[in-house]
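Values quoted throughout were computed directly from the atomic coordinates according to the rules given, and no laboratory measurement underlies them. Here the structure is a predicted model, which means the values were calculated and not measured. For neighbour counting, all protein chains shown are included, and Cβ atoms are generated from backbone atoms with ideal geometry for every residue, glycine included.
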Amino acid sequence: MTALTDAEPGSFITLAGSPDEGFTTLYGTPATHLGEGERLLALGHISDRTVRAVTLAYHRRIYGHRILPGTELTNMTRTGTQRIWIRATRCDEDHDFTWEFEEAAASAPDVQPATTIDVELLRYEDDAIPAECPSCDRISRSTSLTTGPGREGWGHYHRCRNCDHQWPAVPVLRLTLTKRRQQPNTRSDNCFACACRPGYPCTGLCTIQPEPLIGQKLCSRCRAQHPASTWKQLAAVAYGTATAFDPHVEHRDRWLYSEALRGIPPEQAARAWQERVTLTTRRAADRDLAAARAERHEER
Ligand SMILES: [Zn+2]
Ligand SMILES: [Zn+2]
Ligand SMILES: [Zn+2]
């Protein structure tokens, strides 16, 4: 049988479980997600105990999610796990993925054993890197996906349990296995800083116009949130200058904007963001190291 890299499009291959094929090896088991992450595919017929361990580790490492205990997790091994035989095929260049598979009889040629794990119903929470509230300094350990001022669309935000302040989290870049297309950072006619768009104004009479100071379109409500001097300072620390989607730039914009809303000068906010990036990167590295040690310990 043929390896992925040597195969002609359309021919059968044997998956080796390599990173090139999109697999991550956890507890000695190569695993990858299928589709948008509704199922995991692990190579080999693995035990219930390994199914559970690989699923928890995969979600933590790839998605940054902590799976919550409960009946959903119990049911996963009981009814959501299937040990099957698969036949994998090399896809051609136009395809979104480099390979695909079909289930086949154990006696069919070119098959290999695999385990599919249904993870769609699992409950989880974002396993965020702890961060201090910029307003009262209390630590927040979780984030949720929500909207906030400064950029249209959704982002990961901390919310302070003590003072209720909400601030954007520093993104921790994780290994992503699917190829992402480059997206422009705004749909051309929308407000750069909120969900306001032509035909769907955020307030009754809101209008959207180019703002030369930041080189982006803004709606009248957003524009009125800062005086011209603050817009100038925001532009001076590169707010709004991104031309392609990048979570770091996007969340920095969100941070600069919401800090300006509570009166923090953009230059000071930009320095504080840089410190947060450094701190978060260090905390993430420490945590990954601790988790890897725990995984090795459990494997014994
Ligand atoms: Zn607070
Ligand atoms: Zn707006
Ligand atoms: Zn508006």
With +1 at each Lys and Arg Cβ and -1 at each Asp and Glu Cβ, the charge dipole magnitude of segment 107-160 around its Cα centre, to the nearest 20 debye, comes out at 300
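Kirkwood Rh over Cα pairs of the chain into Stokes-Einstein at 4 °C, 1.567 mPa s: D in µm²/s? Could you put the intermediate results ahead of the total?
Working: Rh = 22.1 Å.
The diffusion coefficient I find is 59 µm²/s.
In debye, nearest 20, what is the charge dipole magnitude of segment 76-235 about its Cα centre with +1 on Lys and Arg Cβ and -1 on Asp and Glu Cβ, if you could check? Don't skip to the end; give the middle numbers.
On the way: 20 positive and 19 negative charges, 156 e Å.
Roughly 760 debye for segment 76-235.
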Counting all Cα-Cα pairs in segment 136-287, those more than 28 Å apart amount in percent to 20
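Please report the relative contact order for segment 4-125, taking Cα pairs under 8 Å with a sequence separation of at least 6, and give it as a percent rounded to a whole number.
Details: 213 pairs, mean separation 40.2, N = 122.
Relative contact order for segment 4-125 comes out at 33 percent.
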For the chain, whose charge dipole is built from +1 on Lys and Arg Cβ atoms and -1 on Asp and Glu Cβ atoms, the candidate among Thr32, Ser229, Ala292 with its Cα farthest towards the positive end is Ser229
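Sort Cys202, Cys191, Cys133 by Cβ crowding within 10 Å, fewest neighbours at the top. Please report the intermediate quantities before stating the final value.
Numbers: Cys202 15, Cys191 27, Cys133 19.
In increasing order of surrounding Cβ atoms, one gets Cys202, Cys133, Cys191.
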Among the Cα-Cα pairs of segment 84-155, the proportion with separation greater than 15 Å, in percent, is 75
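Give the peptides 253-261, 271-279, 229-237 in descending order of average Cβ contacts within 10 Å, highest first.
Working: 253-261: 23.1, 271-279: 14.7, 229-237: 17.3.
Per-residue Cβ counts within 10 Å, averaged per peptide and sorted highest first, yield 253-261, 229-237, 271-279.
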Placing +1 on each Lys and Arg Cβ and -1 on each Asp and Glu Cβ in segment 136-287, then taking the dipole about the Cα centre, the residue among Pro210, Cys194, His156 whose Cα reaches farthest towards the positive end is His156
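Given charges of +1 on the Cβ of Lys and Arg and -1 on the Cβ of Asp and Glu, with all other atoms neutral, how large is the dipole of the chain about its Cα centre, in debye to the nearest 20? Let's see the in-between values first.
On the way: 37 positive and 38 negative charges, 284 e Å.
Dipole of the chain, to the nearest 20 debye: 1360 debye.
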Across Gly17, Gly148, Gly35, the residue with the highest GNM fluctuation in the chain (Cα network, 10 Å cutoff) is Gly35
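Quick check on the chain: helices-only [θ] at 222 nm, where DSSP H runs of length 4 and up contribute -39,500 (n - 2.57) each and the sum goes over total residues. Nearest 500, please. Present the calculation step by step, with values, prior to reporting the outcome.
Numbers: 6 runs with 81 residues, N = 300.
The helix contribution divided over the chain gives -8500 deg cm²/dmol.
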Restricting to Cα pairs under 8 Å and 6 or more apart, the percent relative contact order of the chain works out to 13
Given backbone amide H placed at 1.01 Å from N, residues whose amide H is under 5 Å from that of Lys217, ignoring those fewer than 5 places away on the same chain, are Phe192, Glu211
